[in-house]
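The values are calculated or read from the model by the stated rules, or taken from the named source; none is laboratory data. All values derive from a computational prediction rather than experimental measurement. All Cβ positions, glycine included, derive from the backbone under ideal geometry; neighbour counts span all protein chains shown. All accessible areas refer to the heavy atoms of the entire protein, side chains included, with ligands and DNA or RNA removed. Shrake-Rupley method; radii C 1.70, N 1.55, O 1.52, S 1.80 Å.
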Amino acid sequence: YALIHAKSLCGRNYIIGKMIAGVGFVYAVIIPLTFIINMIAMRVGKSYGFRVDFWDIWKRVIILDFPSILLTGCLMMFIALLFRSIMPAIPALLLYLYSNMGTYDSSSGYIYKVKPFALFVRFPMLFSELTMPRGALWNVCFACVLSAVLLAASVVLWERRRGG
């Protein structure tokens, strides 16, 4: 940790480079897997007579998952810089992730409502009946804004620690 601070890197380059490397790897795995699943879903959907479109799955992945993954990376980065270790980030992120679970009602079964500031949005219905849950787009906007704030705070924290 101390050796990295001795290098002649500005905080912004280090933080953004680290974020691109971490989040870019996750995107590099998700994009081909989504493409494969999309092709399978289109083929099977057409064989059952469903109307399928190439962008059906991609729209949800791009709109809902990519900002959530970026926020996850920013949270991990900020907490790791704050505590100078990645270890506190793991339980904090697990608590944040699982705070968005649905509830089970004996009369109507599983109930899910998008909670404010949810990291990932779940879909409460069957796969063939997916509709965008209410509040999901607000959470996407929140994820983008919070990601920018956490990146800026990480840069400030990095520079402060480096200078002191």
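Of (1) closer than 25 Å to Ala118 by Cα; (2) at pLDDT below 90; (3) among the hydrophobic types (A, V, I, L, M, F, W, C), Cys10 satisfies all except one. Which?
Exception for Cys10: condition (1).
Please indicate, with yes or no, whether at least one residue in the stretch 128-136 is under 23 Å from Cys74 (Cβ atoms), modelled with pLDDT of 70 or more and not in a loop (DSSP other than H, G, I, E, B).
yes
So the check is Cβ under 6 Å with 6+ separation or different chains; which pairs have a first residue in the stretch 135-164 that's farther than 24 Å from Leu64 by Cα and a second one that's in a helix (DSSP H, G or I) and open to solvent by 80 Å² or more (accessible area, probe 1.4 Å)?
Val155/Arg12
From the list Ile86, Ile90, which one is in a helix (DSSP H, G or I), at pLDDT below 90, of a type in the set (Val, Ile, Thr) and over 19 Å from Val156 (Cβ atoms)?
Just one listed residue meets the conditions, Ile90.
Kindly indicate whether any position in the stretch 31-53 is at pLDDT below 85 and on the phi > 0 side of the Ramachandran plot.
No.
Please identify the pairs in which a residue from the stretch 23-52 that is more than 14 Å from Asp65 (Cβ to Cβ) has its Cβ atom under 7 Å from the Cβ atom of a residue that is aromatic (Phe, Trp, Tyr), counting only partners at least 6 apart or on another chain.
Met42/Phe54
So Gly49 clears everything in (1) assigned to a helix (DSSP H, G or I); (2) farther than 28 Å from Tyr14 by Cβ except one condition, right? Which one?
Among (1) assigned to a helix (DSSP H, G or I); (2) farther than 28 Å from Tyr14 by Cβ, Gly49 violates only (1).
Would you check which residues across the stretch 52-72 are outside any helix (DSSP H, G or I) and not hydrophobic (A, V, I, L, M, F, W, C) and list them?
Asp53
Can you work out which of the residues in the stretch 18-70 that are of a type in the set (A, V, I, L, M) and in contact with a Cys (Cβ under 8 Å, 6 or more places away or on another chain) is surrounded by the fewest Cβ atoms within 10 Å (Cβ to Cβ)?
Met19
Of the conditions (1) open to solvent by 80 Å² or more (accessible area, probe 1.4 Å); (2) part of a loop (DSSP other than H, G, I, E, B); (3) at pLDDT 85 or above; (4) of a type in the set (A, V, I, L, M, F, W, C), Met125 clears all except one; give me its number.
It is condition (3) that Met125 fails.
Residue under question is Leu9, and the condition is that it be part of a helix (DSSP H, G or I) and either farther than 16 Å from Ala143 by Cβ or open to solvent by less than 80 Å² (accessible area, probe 1.4 Å) (or both); does it hold?
No, not satisfied.
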